[in-house]
1. Here are some conditions: (1) in a helix (DSSP H, G or I); (2) touching a Leu at 6+ places or on another chain (Cβ under 9 Å); (3) at pLDDT 95 or above. Leu132 meets all but one. Which one does it not meet?
2. When you scan the range 24-38, do you find a residue that is assigned to a helix (DSSP H, G or I), under 28 Å from Ala144 (Cβ atoms) and at pLDDT 95 or above, even just one?
3. Among the residues of the range 43-65, count how many are under 19 Å from Asp26 (Cβ atoms) and open to solvent by 10 Å² or more (accessible area, probe 1.4 Å).
4. In the set Ala144, Ala130, Ala95, Ala102, which member is touching a His at 6+ places or on another chain (Cβ under 8 Å) and not basic (Lys, Arg)?
5. Any residue that is free of Cβ contacts under 8 Å to residues at least 24 places away in the same chain, open to solvent by 60 Å² or more (accessible area, probe 1.4 Å) and in a helix (DSSP H, G or I) - is there at least one of those in the range 66-86?
6. Which of the residues belonging to the range 87-100 are more than 17 Å from Gln52 (Cβ to Cβ), over 12 Å from the mean Cα position of the chain (by Cα) and open to solvent by less than 60 Å² (accessible area, probe 1.4 Å)?
7. Taking into account only those residues within the range 145-181 that are β-branched (Val, Ile, Thr) and over 17 Å from Gly115 (Cβ atoms), which is most open to solvent (accessible area, probe 1.4 Å)?
Amino acid sequence: MSKFFFFVIFLLYLFPLGKTRGQSTDIDSLKSVASIVGKDAVNLSYEGLDYQALEKFQEYLDLRKKIYSDDGYYWGSGYSNIGVMHKNLGQLDLALENFQLAEKSYLLRDNPYLGRFGDLYVNIGNVYRAKLDYTNAMNYFEKALNVFLNQDEIDPINISNVYYSIAEVNYLRKNYNEAIQILTQNIGSSDIENKIYYNEL
């Protein structure tokens, strides 16, 4: 059995930019449109309408590029959302391409929010797992785990999710003892849904 964790990383709050009055008006208008488009995209993705959501997330990214034309950091959430949609549609190479663009965007900050990288690395690991590339899948799940373990605010559910993914890859590689050991050590910290998956694996 398999379980994938998809994190739709979506920033609806857009920070103000220092522009002239006319430019600020244009930017404010674009922000309003981007907010509406982004909400539409998220709603479509929740409804499982991935093709339509993909189009909306692409429109959202295009708006972000206009709003933040001089700061590619803010493009990262758009690329990440597009990557999730491509993954859901089975377009794995396009998913990887967009996740990698998201990572490059986030790295434009000297001190970026670590949680974004944790979610991103889980997504990349899921893509490699779907491609049956268990070596790269494991590498990215371990990178995600390292991020989640070193955040200022530790989220035990995120950590439990990644441990499950690591255990699952070990199971698929027939490292049964290691998979069982990881599951046994972490089942207590998982939520109800993950306890079901832990027991099934």
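1. It fails just one condition, (1).
2. no
3. So the first thing to find is which residues in the range 43-65 are under 19 Å from Asp26 (Cβ atoms), and the list is 59-65.
This time we only want the ones that are open to solvent by 10 Å² or more (accessible area, probe 1.4 Å), so: 59, 62-63, 65.
Count: 4.
4. Details: Ala144 fails: touching a His at 6+ places or on another chain (Cβ under 8 Å); Ala130 fails: touching a His at 6+ places or on another chain (Cβ under 8 Å); Ala102 fails: touching a His at 6+ places or on another chain (Cβ under 8 Å).
Of Ala144, Ala130, Ala95, Ala102, the one residue that is touching a His at 6+ places or on another chain (Cβ under 8 Å) and not basic (Lys, Arg) is Ala95.
5. Checked the range 66-86: no residue is free of Cβ contacts under 8 Å to residues at least 24 places away in the same chain, open to solvent by 60 Å² or more (accessible area, probe 1.4 Å) and in a helix (DSSP H, G or I).
6. Hit for the range 87-100 is Leu92, nothing else.
7. Step one: filter the range 145-181 for residues β-branched (Val, Ile, Thr), giving 147, 154, 157, 159, 162, 166, 169, 180.
Now restrict to residues that are over 17 Å from Gly115 (Cβ atoms): 166, 169, 180.
On the way: Ile166: 13, Val169: 0, Ile180: 101 Å².
That would be Ile180.
Residue-by-condition table, conditions (1) under 13 Å from Ser80 (Cβ atoms); (2) open to solvent by less than 20 Å² (accessible area, probe 1.4 Å); (3) part of a helix (DSSP H, G or I); (4) of a type outside the set (D, E, K, R):
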position	(1), (2), (3), (4)
Glu103	yes, no, yes, no
Leu108	no, no, no, yes
Tyr128	no, no, yes, yes
Lys143	no, no, yes, no
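The values are calculated or read from the model by the stated rules, or taken from the named source; none is laboratory data. Worth saying up front: this structure is predicted, and the values here are computed from it rather than measured. Quick reminder, even Gly has a Cβ in these numbers, built from the backbone with ideal geometry, and neighbours come from all protein chains shown. Heavy atoms of the whole protein, side chains included, go into the accessibility calculation; ligands, DNA and RNA do not. Shrake-Rupley method; radii C 1.70, N 1.55, O 1.52, S 1.80 Å.
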